[in-house]
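The values are calculated or read from the model by the stated rules, or taken from the named source; none is laboratory data. Remember, it's a predicted structure, so these values are computed and weren't measured experimentally. Neighbour counts run over all protein chains shown; Cβ positions are idealised from the backbone, glycine included. SASA here: full protein model, heavy atoms, side chains in, ligands and nucleic acids out. Shrake-Rupley method; radii C 1.70, N 1.55, O 1.52, S 1.80 Å.
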Amino acid sequence: MLRQGIYRLASNNTRHKNKTVLPASSSILSSSSTSAQPPTSPPSILRTMSTNIPPLKPWPKPMLESHGDYRAESHLETHIGGPLYSQQSSLPKLPIPSISDTLSRFLPTALPLAKSVEEAETLKEAVKRFEAEGAGELQKRLAERKEGEMKESSWLQFWWNTLGYLQVRDPVVVNVSYFFHFSDDGTLPEHTSSSSTHGTLRAATLLYNTAHFRRLVATGALPHEAIGRKEPKTPLCSVAYKYMFNACRIPRKNEDTYRIYDPSLHSHVIVAVGGRFYSLDFMEKDGSGE
């Protein structure tokens, strides 16, 4: 449904440009192109889990507004459940580096920014004074914060989200947020009748796989990430996945907020083609599939 709708829209508008680079997928182009080439990448989680995804579970509230403290929305992890959030209660806590380790890392980073030898020497002296005079008390306060008010979370996360993100007044893109870069889609035919047709196929694969990955995230069916060479590997925090889809940053005067919406209540996507905007069904209304 999604692929066919996008194909019809772009086929009726010859001004559509081919500028999208998409990830590989295995069979989503079979109904659109008989000359699609085999995928060049190994099977992905999107393909191997396609038959095991449960329907979306409605949230207790249709919308939540975040002010930067992950703890305020942590109940959603229990509500959604699934492999994605299965290790949240057993995650290792973020450690506090020692004073000596912090300063030994700070100087090599800051010294290249010094504009003169005098400025560099002043910085070194300031670091020595800080270690001798004020660092101990601040280190103590950090330890108290870690074991006290932030015991069930990360001692850094609220500061990071507010001071380093929601309060930043610079343009978010480039200065704060990362961007997505998609690899070429190995399932697309090398030659099509027109550039607009090829661009349509690329757009369709992107949206189809985005819908599938969104459903993995929104249902908690996506496996949690882990690092390490030996078993058992160390699980990584999955908290940020809740803010990936159906979410937007709300501009405020001094500190922005972040709204996240119940994915089960929203099933459309907006496609821009030739200066026009179209609303297409992104998934089934009951949340059972794309």
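So the values come out like this:
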| quantity | calculated |
| --- | --- |
| Residues (surrounded by 10 or more Cβ atoms within 10 Å (Cβ to Cβ) and either over 16 Å from the mean Cα position of the chain (by Cα) or more than 30 Å from Ser89 (Cα to Cα) (or both)) located in the range 170-192 | Val172, Phe182, Ser183, Asp184, Asp185, Gly186, Thr187, Leu188, Pro189, Thr192 |
| Residue ID - most open to solvent (accessible area, probe 1.4 Å), chosen from residues in the range 118-135 that are assigned to a helix (DSSP H, G or I) and small (Gly, Ala, Ser) | Ala132 |
| Filtered residues of the range 139-153 (kept if of a type in the set (D, E, K, R), out of contact with any Ser or Thr (no Cβ under 9 Å at 6 or more places or on another chain) and surrounded by fewer than 15 Cβ atoms within 10 Å (Cβ to Cβ)) | Lys140, Arg141, Glu144, Glu147, Glu149, Lys151 |
| Residues being part of a helix (DSSP H, G or I) and either touching a Leu at 6+ places or on another chain (Cβ under 7 Å) or open to solvent by less than 50 Å² (accessible area, probe 1.4 Å) (or both) - total across the range 102-117 | 4 |
| Filter result (of a type in the set (A, V, I, L, M) and either over 26 Å from Arg145 (Cα atoms) or surrounded by 15 or more Cβ atoms within 10 Å (Cβ to Cβ) (or both)) within the range 65-98 | Leu76, Ile80, Leu84, Leu91, Ile96 |
